[in-house]
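What follows is one structure encoded as structure tokens, with my remarks underneath.
Values in this text are rule-based calculations from the coordinates and carry no lab data. These numbers come from a predicted model, not from an experiment. Please note: Cβ atoms are built from the backbone with ideal geometry, for glycine as well, and neighbour counts cover all protein chains shown.
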Amino acid sequence: MVTGNGPPFDAEEAEKQEIYMLIGQVILISQIAEQALKACMTFVIQDDDPLTLEKLKSQDQQEKRKTLGYFISKLRRKDEVDVDLDGLLSEYLEKRNLLVHNVEA
């Protein structure tokens, strides 16, 4: 801990705070990616039935709590997914889950 004219400065604590801030930013970015995938599944890759307001509301309620893994699996069932994209999605899901579920204070 360094002291001087200002408040005490703890380099280790400052480094922890920086790491926590970066983790928070990565989690926010991953949530944006998840929302984008969900939007693609809703508006671009649809069932054969036309998308109506009622169907959209119902679908939103049913899928509100679904996981990223659910949407990736749904994408794989709907269309043939490019091998490279599938690999990226799998890697992203694995790393996202590692970050979100294994962060320790």
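Summary of computed values
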{"item": "More than 24 angstrom apart: percent of Cα pairs within region 11-101", "result": "34"}
{"item": "Alpha-carbon centroid distance for the pair region 16-37 / region 50-102, whole angstrom", "result": "18"}
{"item": "Relative contact order for the chain, counting Cα pairs under 8 Å that sit 6 or more residues apart, in percent", "result": "25"}
{"item": "Cα-centred dipole magnitude for the chain, charges only on beta-carbon of K, R (+1) and D, E (-1), debye, nearest 20", "result": "480"}
{"item": "DSSP H segments from the chain that extend 18 Å or more along their own axis, Cα-based, with Kyte-Doolittle mean of -1.0 or above", "result": "11-39, 83-101"}
{"item": "Additional length obtainable on full extension of the chain from Ala39 to Ser90, 0.36 nm per residue less Cα span", "result": "16.5 nm"}
{"item": "Of Asp86, Asp60, Asp49, the one that fluctuates the most in a GNM where the chain has Cα springs shorter than 10 Å", "result": "Asp49"}
{"item": "Additional length obtainable on full extension of the chain from Arg76 to Ile19, 0.36 nm per residue less Cα span", "result": "17.1 nm"}
{"item": "Of Phe43, Gln25, Ser73, farthest towards positive along the dipole that unit charges on Lys, Arg, Asp, Glu beta carbons give the chain", "result": "Phe43"}
